[in-house]
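The values are calculated or read from the model by the stated rules, or taken from the named source; none is laboratory data. All values reported here derive from a predicted model rather than from experimental measurement. Because the Cβ atoms are built from the backbone with ideal geometry, glycine has one as well, and the counts that use them run over all protein chains shown.
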Amino acid sequence: MDKNWSEMNREMQALLAKKATFSDGIGRLLELRKSIFEQITQIVDTFPEKAFDQMPFAGADGYHSKSLAYSIWHIFRIEDIVAHEMIAGDRQVLFDGGYAETVRSPIITTGNELKGDEIAVFSGQLDVKELYRYARDVTGSTNRILTGLEYADLKRKFGEETETKLRKTGCVSEDESASWLIGYWCSKDVLGLIRMPFSRHWIMHVEAMRRIKNRLCRMARKGVDTIAYCGFSCGHCFLGEWCGSCRTAYNTCSYAMVSPDRKCPNAACCQAKGIDGCYACESLEACEKGFYIPSNDGANAAKAQAMYIRKYGKKEFLKALDRLREKYDFKKTQEILGQDHREGLRILEES
Ligand code: SF4
Ligand code: SF4
């Protein structure tokens, strides 16, 4: 489990257990949910639509065997049902917000009953942007419910009446792979629901989404030039797990993500000039465009690497980076090459 989330989860549980620290516990829970939700936002914001119905671990045993779209749907359908049908006793966000139509889901259930290809087909039918809006609204709505809870509410239990009500909603499939959920939820008190659908369930599914995303990035990079337009090597980049390369649709380079149209200006410039990368450009050394803007902390390192590629070629460059890794302990190449691009080039040459 993600160390940070696991620690927050542990702290939240300890704080909720005592009346004196209950409201701090709710605060910690909201922080944890915010941190996990940011991961979902990042994936939805940066990944191409076609990524969301892919199942790179299809057939595996575990949450990572699903798709990104399915994971989002499943997490927030469960939360919506539990938060509104059980705790608040009001209408679900799916119906209140009109998401049953806009998300374009053919089902209103949690999706537990779907198997194999059905998951991929279902995922492909969803409008991912609307699905994200639904997830965001469910999160906000649950957060409000959580904020309104008092310590005494934690012990509230749910009986047969709630079970019957839940079955009537049709939001949980009668298939045996799904129908157990109702008994499971109703066996818990409010504290138990906080511990699972509202926190741990998120962690488990979003961690699985990370695995799916990382695998999709690796698959996208297969057979693609691993040298980025700016001169960095994707194989040596600290974002290598996260990013699918600026030469593919799975580019999630942090610089590109904050650039207009989410396109790295250096990549756009190279493409407009019809060149392979900035290392093939005669203006390289004096260039201050995009990633090479002097205020960018990676500018000198990227330029030094592009200059090395221009002088010695990509093959030698990758060997030089391997040697640099053996010689120094660093996360980003700018920690070693970032002072000045000529000095960075010299360090690479002497590595
Ligand atoms: S951030 Fe740049 S160098 Fe790193 S993996 Fe993405 S495209 Fe490659
Ligand atoms: S002008 Fe700058 S950004 Fe454009 S290709 Fe040349 S070095 Fe790269």
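The residue pairs whose first member lies in segment 335-347 and is closer than 8 Å to Ala304 by Cα and modelled with pLDDT of 95 or more, whose second member is of a type in the set (S, T, N, Q) and outside any helix (DSSP H, G or I), and whose beta carbons are closer than 9 Å, counting only pairs six or more residues apart or on different chains, are Gly344/Thr333.
In segment 260-268 there is no residue that is under 21 Å from the mean Cα position of the chain (by Cα), assigned by TED's automatic domain parsing to the domain that holds Glu343 and under 30 Å from Ile78 (Cα atoms). Among residues of segment 44-94 being within 19 Å of the chain's Cα centre (by Cα) and basic (Lys, Arg), the one that is modelled with the lowest pLDDT is Lys50.
Just one residue in the set Ala267, Ala286, Ala304 is modelled with pLDDT of 95 or more, closer than 23 Å to Arg218 by Cβ and within 16 Å of ligand 2 (Cβ to nearest atom); that residue is Ala267.
Restricted to segment 187-198, and to residues that are free of Cβ contacts under 8 Å to residues at least 60 places away in the same chain and in a helix (DSSP H, G or I), which residue is nearest to Ala58 (Cα to Cα)?
We begin by selecting, within segment 187-198, every residue free of Cβ contacts under 8 Å to residues at least 60 places away in the same chain; these are 187-189, 192, 196.
So of that shortlist, the ones also in a helix (DSSP H, G or I) come out as 192, 196.
Working: Gly192: 31, Met196: 25 Å.
Here the residue is Met196.
Segment 36-138 holds helices (runs of 4 or more DSSP H) entirely within its bounds, and those carrying 3 or more residues that are surrounded by 22 or more Cβ atoms within 10 Å (Cβ to Cβ) and in the same structural domain as Gly170 (by TED's automatic domain parsing) map to 68-80. Residues that are in contact with a Lys or Arg (Cβ under 8 Å, 6 or more places away or on another chain) and under 30 Å from Arg28 (Cα atoms) number at least 3 in the following helices (runs of 4 or more DSSP H) confined to segment 199-313: 201-221.
Name the residue, out of Ala272, Ala208, that is away from ligand 1 (no atom under 14 Å from the Cβ), of a type in the set (A, V, I, L, M) and surrounded by 18 or more Cβ atoms within 10 Å (Cβ to Cβ). Let's see the steps before the verdict.
Details: Ala272 fails: surrounded by 18 or more Cβ atoms within 10 Å (Cβ to Cβ).
Step by step, each of Ala272, Ala208 is checked, and only Ala208 is away from ligand 1 (no atom under 14 Å from the Cβ), of a type in the set (A, V, I, L, M) and surrounded by 18 or more Cβ atoms within 10 Å (Cβ to Cβ).
Among the candidates Tyr255, Tyr292, the residue that is within 16 Å of ligand 2 (Cβ to nearest atom), of a type in the set (Phe, Trp, Tyr) and at pLDDT 95 or above is uniquely Tyr292.
Residues checked against (1) within 14 Å of ligand 1 (Cβ to nearest atom); (2) modelled with pLDDT under 95; (3) surrounded by 21 or more Cβ atoms within 10 Å (Cβ to Cβ):
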site: Asp261; (1), (2), (3): no, yes, no
site: Glu282; (1), (2), (3): no, no, no
site: Asn300; (1), (2), (3): no, no, yes
site: Leu324; (1), (2), (3): no, no, no
